[in-house]
Structures are given as structure tokens and as C-alpha cells.
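Right, one structure below, let's go through it.
Derivation of every value follows stated rules applied to the coordinates shown; laboratory data play no part. Fair warning: this is a prediction, and the values are worked out from it, not measured in the lab. When we count neighbours, we look across all protein chains shown, and the Cβ atoms used for this are built from the backbone with ideal geometry, even at glycine.
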């Protein structure tokens, strides 16, 4: 798992089939990036998490932050999940688990399923380094949204 101050692993993931992939490095040199890893679309706590984040779009914009969600679900599932939860930011498909593994949040025994992302959040500063990280293998725990917003606000200088 990359530590605070380490270069955040770059990635290239699909958001919507037929559209260009999204790279972490696309966000380097600008606003902070908040990455939310979640286990599985449409599961109860993941749905609660996205529904909590959906009305928060303006709050992230006011902090000059960009937000991406990452799960091992297919792009088609993630697009539908975003639509049904009202999430306006991209939910990326890490179907092959490369990114969850690079960030150290891949769970190889999630109720007998291998390669599911744990719930985690990373704040990546504009220079591409990890400014903050949070991770839990307990899928019932929600990310500390207020703490994440405080970290992002602190990056604004």
C-alpha cells in the first residue's frame, strides 16, 4: 500500500465502454483527487456510501477536488450503479484487480470471492503523491467523509 508522501500508483481504467479510459495521471498537476474504493456495486453499504456521496458533488467542487470511485464491477454495472445512486463522478471498473492490488486494498477472501476491493479512500495531491489514506477490510464501515474533506481543504493552502 502506498504511504503518505509516496507517488500514487498510476492506472488506466474504463469508465464507460467506448469512451477513453481514465488515468490517475490525468489529474496530476491540478486539483486533489479523492479515490474511493468500494467492494461491490448494489451491495447494501456500498449503496449507502454512494448515496451519501451523491449529494456531496458540490462540496467536492467547492474544495477544487475531483472524485473517482473504483470497484471490480464491470463498467456496465458501474454506470447503472452511478445512475441509480445519483453519483455524478466516474465509477471506474478495476475488473482485473490491478489497481486494487497496486493500492494494497485487494481482498482475496471476501465471503469466498477472490479479488474484491476493500473499502478504502486515498487523497492524491496535485503533485501525484498520496496525501492521506484510509483502509478497512470491514465492509460495514463507511469512510470518514468529514476527515477526507478536511485533508482536501488543507491541500488548498
**Message:** If I model a spin label at residue 26 and residue 113 as a point 7 Å from the Cα along the Cα→Cβ vector, what separation in nanometres do I get?
**Reply:** 2.5
**Prompt:** Want the number for residue 19 to residue 153: 0.36 nm per residue separation, take away the alpha-carbon distance, what's left?
**Reply:** 45.1 nm
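If you stretched the chain out fully between residue 127 and residue 142, how much longer would it get, using 0.36 nm times the residue separation minus the C-alpha to C-alpha distance?
Values: separation 15, 0.36 × 15 = 5.40 nm, distance 2.71 nm.
Full extension of this stretch gives 2.7 nm more.
For the chain, what does -39500 (n - 2.57) per DSSP helix run (n ≥ 4), summed and divided by total residues, give at 222 nm, in deg cm²/dmol to the nearest 500?
On the way: 5 runs with 43 residues, N = 157.
One gets -7500 deg cm²/dmol as the mean residue ellipticity at 222 nm.
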**Request:** With a point put 7 Å past each Cα toward its Cβ, work out how far residue 4 is from residue 76 in nm, to one decimal.
**Result:** 4.3
**Percent of beta bridges antiparallel (DSSP, the stretch 12-155, rounded to nearest 5)** = 70
**Prompt:** If each residue's Cβ is checked for other Cβ atoms within 10 Å, how do 27, 110, 103 rank with the fewest at the top?
**Reply:** 110, 27, 103
**Message:** Rg and Dmax in Å for the stretch 12-155, alpha carbons only: what are they?
**Reply:** 13.9, 41
**Message:** Need one number: nm distance between label points at residue 48 and residue 98, each 7 Å from Cα along Cα→Cβ, rounded to one decimal.
**Reply:** 3.4
**Message:** Just want to confirm a number: the relative contact order over the chain, from Cα pairs under 8 angstrom separated by 6+ residues, in percent.
**Reply:** 30
**Message:** Using the alpha carbons of the stretch 82-151, what is the convex hull volume per residue in cubic angstrom, as a whole number?
**Reply:** 126
